[in-house]
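Here's the structure, in structure tokens; my notes come after.
The values are calculated or read from the model by the stated rules, or taken from the named source; none is laboratory data. Since this is a predicted model, take the numbers as computed values, not measurements. Cβ coordinates were reconstructed from backbone atoms using ideal geometry, including for glycine residues, and neighbour counts include every protein chain displayed. Heavy atoms of the whole protein, side chains included, go into the accessibility calculation; ligands, DNA and RNA do not. Shrake-Rupley method; radii C 1.70, N 1.55, O 1.52, S 1.80 Å.
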Amino acid sequence: LASRPYHIVIFGASGFTGQFVVEEVARTVSEGPNGTLKWAVAGRSRQKLDKVLEQAAGTLGKPELRTAVEVIVADVGEPDSLAAMCKQAVIVLDCVGPYRFWGEPVVKACVENGAHCIDICGEPQFLESMQLNYDSQAADKGVYIVGACGFDSIPADMGVLYTRDQFKGTLTALESFLTVSTGPEGGSINDGTWKSAIYGFADSGKLRSLRKKFGHKPLPVVGSKIKRRYRELCQYAVPFMGADPSVVKRSQRFLLEEHQETPVQYGAYAGVGGVANIVKMLFAGMMFWFLVKFSFGQDLLIKYPEFFSFGLFSKDGPTRKQMEGSSFKFAFYGEGYTEGQDPSQGRPNAKIRTLVQGPEAGYVATPIAMVQAAITILNEPTALPKKGGVYTPGATFAKTKLVERLNKHGIQPISSVEVY
């Protein structure tokens with residue numbers, strides 16, 4: 001890998017999220033191996049890629065980006081072009097979604113050509129099917145395929161591990177409550193995420209049958225069994241519909257099987273504010289559930305994202321001003337047994353609370369998380385799992401300094417312990 005021309009190739013660099021990943025890589029070149037980072041952009045259209053570099057050069061005040069960054073033309077539909085791209089990269093950052101349609105050819109090309117692959121997928125079906133189909137090949141090649149390295153699911157997955165590491169004893173259960181704040185300009189999410197959600201819910205039956213193929217035994221429950229709840233800290237909460245619960249569970253399974261660590265039960269919620277928001281959400285949710293079952297309904301949802309999501313999703317995505325005014329907070333509430341207490345005896349006797357906060361989730365925190373995941377693989381190879389494979393962020397980075405790296409870039413955990 002040392003002989004490859006690029007540490008990082010950003011595939012899909014001219015997409016909505018890809019453009020922000022380009023800017024984040026350009027900001028962090030001094031954090032690469034020996035203080036340098038060799039990188040390139042890749043995608044279908046040379047013209048669009050040149051335009052993204054031009055835009056990044058202007059935004060960051062780095063005119064050298066226009067000429068110093070190599071452009072690679074590669075297309076998901078042309079395997080030879082993907083193979084040629086992967087042969088030049090130590091790591092491919094795959095920004096082309098929905099991954100259920102465009103993700104597998106990139107994973108396949110990376111595995112076959114010895115490049116690591118990082119994506120920002122929030123689609124459990126894709127993430128888990130890649131593990132089922134490519135884990136052993138990736139292990140044979142010494143390649144790390146690490147999915148969900150954006151807002152789904154680095155803050156949640158690494159937040160669970162951070163909280164567990166701060167807890168003096170055995171952490172047995174943890175719940176997270178996500179709240180997102182927007183400034184006076186409001187906020188929105190690009191409709192690529194909306195499309196992924198539509199296809200994911202429409203196909204949820206396939207995910208259940210996929211999980212049966214792993215033949216996993218249920219994870220052992222230590223301590224009190226976690227219960228569902230819907231109200232926390234003066235606001236209503238709903239179960240979080242993203243990839244976090246699936247990703248965290250896979251990380252906990254890996255850490256149990258590979259390191260014999262006690263698995264942490266996990267529940268994920270999103271705060272939705274007051275009663276007015278609940279009514280709006282119930283109405284939108286019922287329409288979504290009804291329409292997503294039929295192909296004509298899916299077409300309607302895809303065509304009019306703003307209408308059906310009450311403005312949460314839009315074809316244009318957020319403006320830079322909206323992004324500057326937005327932020328997120330993850331509050332983690334955990335319980336477990338202090339050192340010296342037997343987790344198989346009696347109820348948990350200690351609690352912990354961790355807060356993870358960061359900038360706008362989709363297009364500021366996601367590129368930071370993705371790029372820092374890549375920087376960690378480049379700089380800390382000996383701290384990664386002992387063999388290649390298809391992994392979650394928690395499995396890949398549990399023994400690394402990723403949390404410290406994220407902290408320096410504004411995704412920050414704050415922890416406190418209460419014993420009772």
Any idea how many residues of region 226-270 are modelled with pLDDT under 90, out of contact with any Lys or Arg (no Cβ under 9 Å at 6 or more places or on another chain) and not hydrophobic (A, V, I, L, M, F, W, C)? 9
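Among the listed residues LYS225, LYS206, LYS195, identify the single one that is among the charged types (D, E, K, R), closer than 25 Å to MET323 by Cα and not in a strand (DSSP E or B). Before you say what the answer is, go through the steps one by one.
Numbers: LYS225 fails: closer than 25 Å to MET323 by Cα; LYS206 fails: closer than 25 Å to MET323 by Cα.
Being among the charged types (D, E, K, R), closer than 25 Å to MET323 by Cα and not in a strand (DSSP E or B) holds for just one of LYS225, LYS206, LYS195, which is LYS195.
Would you check if there is a residue in region 308-329 being outside any helix (DSSP H, G or I), on the phi > 0 side of the Ramachandran plot and at pLDDT 95 or above? Walk me through it before giving the result.
Taking region 308-329 and keeping what is outside any helix (DSSP H, G or I), we get 309-319, 325-329.
Among the residues that remain, those that are also on the phi > 0 side of the Ramachandran plot are: 310-311, 317.
Okay, now just the ones that are also at pLDDT 95 or above, so none.
Scanning region 308-329 turns up no residue that is outside any helix (DSSP H, G or I), on the phi > 0 side of the Ramachandran plot and at pLDDT 95 or above.
Here are GLN298, GLN345, GLN322: which of them is over 30 Å from ARG250 (Cα atoms) and of a type in the set (S, T, N, Q)? Give the derivation first.
On the way: GLN298 fails: over 30 Å from ARG250 (Cα atoms); GLN345 fails: over 30 Å from ARG250 (Cα atoms).
Step by step, each of GLN298, GLN345, GLN322 is checked, and only GLN322 is over 30 Å from ARG250 (Cα atoms) and of a type in the set (S, T, N, Q).
Let's see how each residue does on (1) hydroxyl-bearing (Ser, Thr, Tyr); (2) under 18 Å from SER153 (Cα atoms); (3) open to solvent by less than 10 Å² (accessible area, probe 1.4 Å); (4) touching a residue at least 24 places away in the same chain (Cβ under 8 Å):
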{"residue": "MET370", "(1), (2), (3), (4)": "no, yes, yes, yes"}
{"residue": "ASN379", "(1), (2), (3), (4)": "no, no, no, yes"}
{"residue": "TYR391", "(1), (2), (3), (4)": "yes, yes, no, yes"}
{"residue": "PHE397", "(1), (2), (3), (4)": "no, yes, yes, yes"}
{"residue": "THR400", "(1), (2), (3), (4)": "yes, yes, no, yes"}
Region 187-220: number of residues that are polar (S, T, N, Q) and either touching a Cys at 6+ places or on another chain (Cβ under 9 Å) or over 18 Å from ASP152 (Cβ atoms) (or both): 2
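Tally up the residues in region 234-258 that are loosely packed, with under 14 Cβ neighbours inside 10 Å, without any contact (Cβ under 8 Å) to a residue 60 or more places away in the chain and not in a loop (DSSP other than H, G, I, E, B), please. Talk me through it step by step, then tell me what you get.
If we filter region 234-258 for residues that are loosely packed, with under 14 Cβ neighbours inside 10 Å, which is where we start, we get 234, 239, 257-258.
With without any contact (Cβ under 8 Å) to a residue 60 or more places away in the chain added as a condition, the list becomes 234, 239, 257.
Then keep just the ones that are not in a loop (DSSP other than H, G, I, E, B); that gives 239, 257.
The number of residues fulfilling the criteria is 2.
With among the β-branched types (Val, Ile, Thr), closer than 22 Å to GLY192 by Cβ and modelled with pLDDT of 95 or more as the only criterion, which of VAL29, VAL22, VAL111, VAL69 stands out?
VAL22
Would you confirm whether or not region 118-141 contains a residue that is aromatic (Phe, Trp, Tyr), under 21 Å from the mean Cα position of the chain (by Cα), farther than 30 Å from LEU174 by Cβ and at pLDDT 95 or above? So that I can check it myself, show each step before the final result.
We begin by selecting, within region 118-141, every residue aromatic (Phe, Trp, Tyr); these are 126, 134.
Within this subset, residues satisfying the condition of being under 21 Å from the mean Cα position of the chain (by Cα) are 126, 134.
Subsequent filtering for residues that are farther than 30 Å from LEU174 by Cβ retains none.
No; the residues of region 118-141 include none that is aromatic (Phe, Trp, Tyr), under 21 Å from the mean Cα position of the chain (by Cα), farther than 30 Å from LEU174 by Cβ and at pLDDT 95 or above.
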Which of the residues that make up region 260-283 are farther than 23 Å from ALA243 by Cα and either surrounded by 17 or more Cβ atoms within 10 Å (Cβ to Cβ) or within 23 Å of the chain's Cα centre (by Cα) (or both)? none
With respect to the numbered conditions (1) in a helix (DSSP H, G or I); (2) of a type outside the set (Gly, Ala, Ser); (3) over 21 Å from PHE330 (Cα atoms), which one is the sole condition not fulfilled by ARG164? (3)
Please identify the pairs in which a residue from region 121-135 that is closer than 14 Å to PHE101 by Cβ has its Cβ atom under 6 Å from the Cβ atom of a residue that is surrounded by 22 or more Cβ atoms within 10 Å (Cβ to Cβ) and aliphatic (A, V, I, L, M), counting only partners at least 6 apart or on another chain. CYS121/LEU127; CYS121/ALA148; MET130/VAL107; MET130/VAL390
Filter region 17-39 down to residues that are open to solvent by 50 Å² or more (accessible area, probe 1.4 Å), in contact with a helix residue (DSSP H, G or I) (Cβ under 8 Å, 6 or more places away or on another chain) and farther than 13 Å from LEU65 by Cβ, then give me how many there are. 2
Scanning region 284-300 for residues that are out of contact with any helix residue (DSSP H, G or I) (no Cβ under 9 Å at 6 or more places or on another chain) and open to solvent by less than 40 Å² (accessible area, probe 1.4 Å) gives GLY285
Filter region 133-172 for residues that are surrounded by fewer than 21 Cβ atoms within 10 Å (Cβ to Cβ) and among the β-branched types (Val, Ile, Thr) and give the result. THR170
Can you tell me which residue within region 402-420, out of those that are buried (at least 20 other Cβ atoms within 10 Å of the Cβ) and in a loop (DSSP other than H, G, I, E, B), is nearest to the chain's Cα centre (by Cα)? ILE411
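Please state which one of GLY336, GLY297 is over 18 Å from GLU360 (Cβ atoms), part of a strand (DSSP E or B) and out of contact with any Asp or Glu (no Cβ under 8 Å at 6 or more places or on another chain). Outline the logic, then answer.
Values: GLY297 fails: part of a strand (DSSP E or B).
GLY336 is the lone residue from the list that is over 18 Å from GLU360 (Cβ atoms), part of a strand (DSSP E or B) and out of contact with any Asp or Glu (no Cβ under 8 Å at 6 or more places or on another chain).
Per-residue answers, yes or no, for (1) within 18 Å of GLY242 (Cα to Cα); (2) among the β-branched types (Val, Ile, Thr); (3) open to solvent by less than 50 Å² (accessible area, probe 1.4 Å); (4) touching a Lys or Arg at 6+ places or on another chain (Cβ under 8 Å):
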position	(1), (2), (3), (4)
PRO184	no, no, no, no
SER188	yes, no, yes, no
LYS195	yes, no, no, no
GLY200	yes, no, yes, yes
GLY205	yes, no, yes, no
ARG208	yes, no, no, no
LYS213	no, no, no, no
HIS216	no, no, no, yes
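In this structure, does THR366 turn out to be open to solvent by 20 Å² or more (accessible area, probe 1.4 Å), modelled with pLDDT of 95 or more and in a helix (DSSP H, G or I)? Even if it seems obvious, please write down each step before you answer.
Details: open to solvent by 20 Å² or more (accessible area, probe 1.4 Å): no; modelled with pLDDT of 95 or more: yes; in a helix (DSSP H, G or I): yes.
Considered against the rule, which asks whether it is open to solvent by 20 Å² or more (accessible area, probe 1.4 Å), modelled with pLDDT of 95 or more and in a helix (DSSP H, G or I), THR366 comes out as no.
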